[in-house]
Structures are given as structure tokens and as C-alpha cells.
1. Once both labels are modelled 7 Å past Cα along the beta-carbon direction, what's the residue 158-residue 205 spacing in nm?
2. Once amide H atoms are built 1.01 Å from N in the peptide plane, which residues 5 or more positions from residue 59, or in another chain, come under 5 Å H to H?
3. If we count other beta carbons within 10 Å of each Cβ, what is the order of 199, 182, fewest first?
4. Could you give the length gained by full extension between residue 46 and residue 78, i.e. 0.36 nm per residue of separation minus their alpha carbon distance, to one decimal place?
5. Return the loop-located chymotrypsin sites (Phe, Trp or Tyr not before Pro) in the range 47-106 (DSSP other than H, G, I, E, B) with at most 12 other Cβ atoms within 10 Å of their own Cβ; answer none if there are none.
6. With θ taken as phi - 60° and the coefficients 6.51, -1.76 and 1.60, list the Karplus ³J(HN,Hα) couplings across the range 169-177 in order, rounded to whole Hz; mark glycine and proline as x.
Amino acid sequence: METVKKVAISLAMALAVALAALSSNAIYGSIVAQANSSEAPESTLHVVGYGEVLAEPDRAEIRISITSLNFSASDAVSAVAGIYDELCSKLNESGLDWDKKTLGYTIRPVYDYYGERRVLKGYRATHSLLITVVKQEDLGVEAGKAIDIISSVGNNLIDSVRFTVSEEELNSMKDQALALAMKNAKHKAELLAEAGGFMLVGVKSVSIGYEYRPLYPLYKGNVAEEAFTAPTVLAPSTVKVTSSVSVTYLIAS
């Protein structure tokens, strides 16, 4: 019995020593791996550059809704189609340089409610359009002329008017603004490097941001009592595109 106890104690002590050795090796290995994986941190400089480009607008975009409420859906559709045809005819006769694009078309039932009772009032058809007027001489006058024509036909709703530029011109403005923003960032980095006594080694990363601001018109023309005699004239302002770049430079002393 005494011999068995001695053997058990010896085994327990051997196991404890082995576990301690394993634990020690595990900790030492983790430290070595951590030491081997560590690298000297990069020295960087982060700057933000800005660029802005302005341009005179060359077109007005007028969002409108041609709408009609009739007892039957087919009558509502026919009424909207008639208003649409008349509007296009008048715009064609106006001498304006214009274009159109359908943004949406809906037909929905309209109900009157009397307590818990619902009674069908009719069907409302709505044709949503984007009317684009391209500048020939005076964009403010030409956009106002289009608005007067739109208002004179049917029950049209003018949802918004904005002045902008062509897609080609907008892309060119974005390129110019981006180039200006990068030049601005580089100028800031070089200024800081000279003042701080370090060198710019290269660019580590760049991120880009754009902001495009189409201009909504200022009203300039008829007041309420002149609404049916004086033409509408709008006052367009400049279109602005801004760009920003966030640049991280690698630096060395």
C-alpha cells in the first residue's frame, strides 16, 4: 500500500513538472511570435485638398405632372393624353429648344369617405415628365416662357425647376475640380514638409468626394395681380461642382 502511494505521488509530481514546462514553452512561443511579427510603424502625413469649379448653366430642367380625375380610368387616360399632345404642340410652336422624358405614369382610384363608408370618386391618371429647355439666348426668359406654356394647358403641376449643365460639361467640371483638389492637397503636404523638416516619400492612399449643386431659380417677374399678363422670367445662377481628396503621404525624416 505504501509503495502504491509513493508511485502515485511520483506520477503526480512528474505531471505537474510537464504541465509547467508546456505552459512555459507556450508563453515563450507567443512572445517570440509577437516579437517576430512586429514592424516599425510607417510615418505618414494626412491632408485634405479641395477644388471648386463654377459654370454658367446651359439648360433648365422643369419637372411637371399632367393629371386628370375622371369617373372611369379610360377617360382619365384619354384626358391626360389630350393635355400631353396639346402641351407638346404648343412647345413645338414656341421656338424653344426643348426636349421631354417620361419620369413615371400612374392610374389610381380616388375615394370619398363618409364615416366608415368608402365611395369611389373616380380615377386619377398622372403623367410625370421632365421638360428640358436648352439655352439659345437668355435661359431665364426661355425657361419662364416654357413655364407659362405648361401652366396654360390643362391642370399641370410644376413640381420643380432647376438650372444645370449638360452631362458632358458636368463630367468635365468634375475632372477639373478633382485635379484642383489634388493640387491643393499636394501644396499643403509640401508646405508642411518644408516647415516640419521631413520629406514626402510617396502616396499611401487617396479617397475622393464630389458635391454637385444644381441651382434652383430665383423668381423674377410677375406679381400676383400681373399673373395673367406679365411673362414669367427666372434668374439662373452659376452651377457649382466641388471635389475633395483625402490623401495620406508616406514621409521620412
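What follows draws every value from the coordinates through simple rules; no lab data is involved. In this text, all values refer to a predicted model and were calculated from it rather than measured experimentally. Counting neighbours? That spans all protein chains shown, and the Cβs are built from the backbone with ideal geometry, glycine included.
1. 4.8
2. 135, 164
3. Ranked by crowding around the Cβ, least crowded first: 199, 182.
4. Taking residue 46 through residue 78 to full extension adds about 5.3 nm, to one decimal.
5. 71
6. Listing the rounded values in order: 5, 4, 5, 5, 5, 5, 5, 5, 5 Hz.
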